[in-house]
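Okay, structure first, notes after.
Laboratory data are not the source of any read-out in this text; all were calculated from the coordinates shown. For clarity, every value in this text was computed on a predicted model and none was experimentally measured. A quick note on method: Cβ atoms are made from the backbone with ideal geometry, for glycine too, and the neighbour counts reach across all protein chains shown.
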Amino acid sequence: MSSVLRGKAWRFEGLMDTDWEICPVEHLHSFREDPDKTYEQRLAELGVYCMTKVDADFPRKIGQGDIIVGDKGFGYGHDHDHACMSIRGAGISAVVCESSNSNFMRNSIHHGLAVVEVKGILNGVGTGDELEMDLAKGTVTDVTNGKTFSFVPYPDFILKIIEAGGVYKQLTQQVQTGDYS
């Protein structure tokens, strides 16, 4: 994964709660019952529920690497990490939204999902538009309509976490290789 992400935009208006709209909390409980599942199996299992309360067919419509475009309060609610895991498990590469919850943003980075806040993004992007996000430069470009938006770029240490697939994978790689740089 590079710091440049490219995918189709999927717009969601309104407040998106982690335990309701993003991934219903009842799936969190069943997900934790089987400790023998791999991390990738857990992501895939949760991915089938991603945004289904808002769009029942969402996980079947998206393409690998697509990008969610959200309104104010995307990731609102409890700090359960199953919501960001469901987004990753569905194949979404990033969330760009008007505003988010700091717990959701932290959990997302821990699981290798980029979440950035960009004022005006919801009104500047349509569902189906091709987006290009440069996490190192701090830009989102709507390739379809030519608009470019700015955000605070991710620092190198966060880029490394996202590129590794999350902090847990990064730590595992560091322990295995002995390289903690």
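The figures follow:
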read-out: Along principal axes, Cα extents of region 36-181, largest first, whole Å; value: 45, 34, 27
read-out: Separation of the LYS72 and ASP156 label points, Cα + 7 Å toward Cβ, nm; value: 3.7
read-out: The chain: antiparallel DSSP beta bridges as a percent of all, rounded to 5; value: 45
read-out: Sorted by Cβ density within 10 Å, fewest first, the residues LEU159, LEU43, LEU171; value: LEU171, LEU159, LEU43
read-out: Mean separation of Cα contacts under 8 Å, 6 or more apart, over the residue count of the chain: relative contact order %; value: 25
read-out: Ascending count of other beta-carbon atoms within 10 Å, so fewest first, for VAL152, VAL140; value: VAL152, VAL140
read-out: Fully extended contour minus Cα-Cα distance, from LEU15 to VAL143, at 0.36 nm per residue; value: 43.5 nm
read-out: Lysine pairs meeting the criterion (Cα under 21 Å, 8 or more apart or interchain), as found in the chain; value: 16
